[in-house]
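Written out below as structure tokens is the structure these notes cover.
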Amino acid sequence: MFQDLKPQAPDTILSLLAQYRADERPGKIDLGVGVYKDASGQTPILRAVRAAEARMLGAEVTKTYTSLAGEPAFTKALSAMILGPDIDPARLSAVATTGGTGALRQAFELVTRTSPEGAVWVSNPTWPNHLTILAHLGAQVRPYRYVDADGTGFDRAGMLADLGAVRPGDTVLLHGCCHNPTGINPTLADWADIAALLRERGAMVIVDLAYQGFGDGLEDDAAATRLLAAALPELLIAASCSKNFGIYRERTGLLIGVSAPALAAVTQANLVYLNRSSHSFPPDHGARIVSTILGDADLAADWRAELDQIRTTMLSLREALAAELRQIAGSDRFAYLAQHRGMFSRLPATPGQIEALRRDHGIYIVSDGRMNVAGLNAATVPILARAMIAVGI
């Protein structure tokens, strides 16, 4: 059998990381992989996470399975953090998943099993793994416009025009905040119009919420998702705890279904079935970290404070880079970098310019121009700015 296997294309971002690690230059800069790094270049363990784990270690008495849906304290606490107090809990179903990617995988499988003839609409561009998973499931994928002609702002008219062709049975994937790879967010007024259109078109909606707390704050970053949950009869939310709790390797995610109360039980049963048929019981350690933090007022306050520090650090790096480029280039053509939110922005660079950044300056950026702003620090901001102008960006 093995001789009949076909080679698979390597993951672009992981291949870039391998190149970075093999580069022996001391001043190299990794702006490719989407993880937060502090000023020392480390991805820190948050204080509240350390405290929660210490508490768990002292109290834990068993390693037996939890439930197929995950620990109820986790699903309840994270659902409340995402959706706030105004969504009727009777509308909700939820299962813990293997990271945010696992939540997306379950959501995509649910919609493709339920509506096999329907298309799944994704923003152009989007996170490449969205397309990988959808291709694996054999889904029909259709793009909708998202970025304007300059590549720096939101194409409201283009998105609404494209989504006007959505049919009942189709699914639309939306980025809840901090769009990956562009960092471009619609306004709340835009979101209201998007929600109204999708309700009219009868579409299922999946929200990928991977960066809550990394843009404008926990509440503001959840505003679009809450608006959609209130406006639409049905919704799926794939949430990740990797970034905002800094527990990347614990693979902690949640898939939430929002439906009519009469359909919540059957939705819950189907989400549980997806867990059972794919990996059975979900990981528990990261989920228990999250529920421990959110269930303790002091730990939650400390976590929110440190998360806010991380968020404002990224905003400061954006502002510093835009200011440095303004000084070197003598124009405001990079001002959009300070306006974007989250970890990522895309540079208007050609593949040759991206290669020149790597070859001549030891700066590693994904080939489509996506850079991880959180990989910068005060010392590397001017280095990147000079290199960008030097290669002609």
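The values are calculated or read from the model by the stated rules, or taken from the named source; none is laboratory data. Remember, it's a predicted structure, so these values are computed and weren't measured experimentally. When we count neighbours, we look across all protein chains shown, and the Cβ atoms used for this are built from the backbone with ideal geometry, even at glycine.
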- Message: Could you check segment 251-272 and list, in sequence order, the residues that are of a type outside the set (A, V, I, L, M, F, W, C) and farther than 18 Å from Gln106 by Cα?
- Response: Pro261
- Number of the exception - Glu319 against (1) surrounded by 16 or more Cβ atoms within 10 Å (Cβ to Cβ); (2) part of a helix (DSSP H, G or I): (1)
- Task: Report, by residue number, each residue of segment 350-367 that is of a type outside the set (S, T, N, Q) and more than 20 Å from Ala322 (Cα to Cα).
- Result: Pro351, Gly352, Glu355, Ala356, Arg358, Arg359, Asp360, Gly362
- Yes or no: Thr252 at negative phi, crowded, with 16+ Cβ neighbours inside 10 Å, within 24 Å of the chain's Cα centre (by Cα) and β-branched (Val, Ile, Thr)? yes
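Conditions tested, residue by residue: (1) in contact with a Phe, Trp or Tyr (Cβ under 9 Å, 6 or more places away or on another chain); (2) surrounded by 23 or more Cβ atoms within 10 Å (Cβ to Cβ); (3) among the aromatic types (Phe, Trp, Tyr).
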| residue | (1), (2), (3) |
| --- | --- |
| Gly352 | no, no, no |
| Ala356 | no, no, no |
| Arg359 | no, no, no |
| Ile365 | no, yes, no |
| Gly369 | no, no, no |
| Val373 | yes, yes, no |
| Ile389 | no, no, no |
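Any residue at all in segment 257-280 that's outside any helix (DSSP H, G or I), of a type in the set (A, V, I, L, M, F, W, C) and surrounded by 19 or more Cβ atoms within 10 Å (Cβ to Cβ)?
Scanning segment 257-280, I find at least one residue that is outside any helix (DSSP H, G or I), of a type in the set (A, V, I, L, M, F, W, C) and surrounded by 19 or more Cβ atoms within 10 Å (Cβ to Cβ), so the answer is yes.
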- Message: With the structure loaded, tell me whether Gly118 is small (Gly, Ala, Ser) and under 27 Å from Ile247 (Cβ atoms) or whether it fails that test.
- Response: no
- Message: Please determine whether any residue of segment 288-304 is assigned by TED's automatic domain parsing to the domain that holds Asn377 and more than 30 Å from Val61 (Cβ to Cβ).
- Response: no
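Which residues, counting only those in segment 184-208, are polar (S, T, N, Q) and either in contact with a helix residue (DSSP H, G or I) (Cβ under 6 Å, 6 or more places away or on another chain) or loosely packed, with under 15 Cβ neighbours inside 10 Å (or both)?
Thr187, the sole residue that qualifies.
What is the residue count in segment 57-79 for residues that are assigned to a loop (DSSP other than H, G, I, E, B), of a type in the set (A, V, I, L, M, F, W, C) and either under 19 Å from Gly176 (Cα atoms) or free of Cβ contacts under 8 Å to residues at least 12 places away in the same chain (or both)?
Narrowing segment 57-79 to residues assigned to a loop (DSSP other than H, G, I, E, B): 60-71.
Filter once more, so that each one left must be of a type in the set (A, V, I, L, M, F, W, C): 61, 68-69.
Still in the running and either under 19 Å from Gly176 (Cα atoms) or free of Cβ contacts under 8 Å to residues at least 12 places away in the same chain (or both): 61.
Going through segment 57-79 one residue at a time, the tally reaches 1.
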